[in-house]
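A.B. asks: What follows is a single structure, and I will ask about it in a moment.
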Amino acid sequence: MFFTGTNALLETGVLVNLDMVGNRVAALTFGPRRVVVLAGRNKIVPDLEAAERRIKEYAAPINAVRLAKRTPCVKTFRCHDCRSPDRICNTWTITEKSFPKARITVVLINQDLGF
């Protein structure tokens, strides 16, 4: 079993994530028999465009700060589509459905949690 969070959750149930290495999204997409995604209400967005905006304008920069990366977003707090070796925006995943059925469970938490 693998527990994880998500960068954004569309109102339709689609999960959108952006990773540096891909280790988190790799386990989400393939591997464990069961995956539990814990998502605070602050992760819910109306559509894919809002998800990308949330990730690029909030989640990615704050994670780069938290990880003490040397990227332009740490200074400006907005994504620059940089070429820094410390870049954390490398692997996008969009998870529309779980296969096999019910492999992924999303638990919504009525609190603002995480980035």
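Derivation of every value follows stated rules applied to the coordinates shown; laboratory data play no part. What you are looking at is a predicted structure, and each value in this text was computed from that prediction instead of being measured. Ideal geometry is used to build each Cβ from the backbone, glycine not excepted, and the neighbour counts take in all protein chains shown.
A.B. asks: Between residue 86 and residue 106, what is the spin-label point distance in nm, taking each point 7 Å from the Cα along the Cα→C-beta axis?
C.D. replies: 3.3 nm
A.B. asks: Name the trypsin sites (Lys or Arg not before Pro) in the stretch 1-36 that are in a loop by DSSP and that have at most 13 other C-beta atoms within 10 Å, would you?
C.D. replies: In loop regions of the stretch 1-36 (DSSP not H, G, I, E or B), the sparsely surrounded trypsin sites (Lys or Arg not before Pro) are 33, 34.
A.B. asks: Then there's this: Tally Lys/Arg at +1 and Asp/Glu at -1 over every other residue whose Cβ is under 12 Å from the Cβ of residue 111; what's the total?
C.D. replies: +1
A.B. asks: Next up: Based on Cα positions only, what radius of gyration and what Dmax would you give for the stretch 7-115, in angstroms?
C.D. replies: Radius of gyration, then largest Cα-Cα span, for the stretch 7-115: 14.1, 43 Å.
A.B. asks: Round to a whole angstrom and tell me the spacing of the C-alpha centers of the stretch 90-106 and the stretch 22-67.
C.D. replies: Between the Cα centre of the stretch 90-106 and that of the stretch 22-67, the gap is 12 Å.
A.B. asks: So which GluC sites (Glu not before Pro) in the stretch 11-115 pass both tests, a DSSP loop state and at most 15 other Cβ atoms within 10 Å of the Cβ? Please list the in-between numbers first.
C.D. replies: Numbers: sites: 11, 49, 52, 57, 96; in loops: 11, 96.
Sites meeting the loop and neighbour criteria: 11, 96.
A.B. asks: Can you tally the net charge around residue 42? Count Lys and Arg as +1, Asp and Glu as -1, for every other residue whose Cβ sits under 15 Å from the Cβ of residue 42.
C.D. replies: +1
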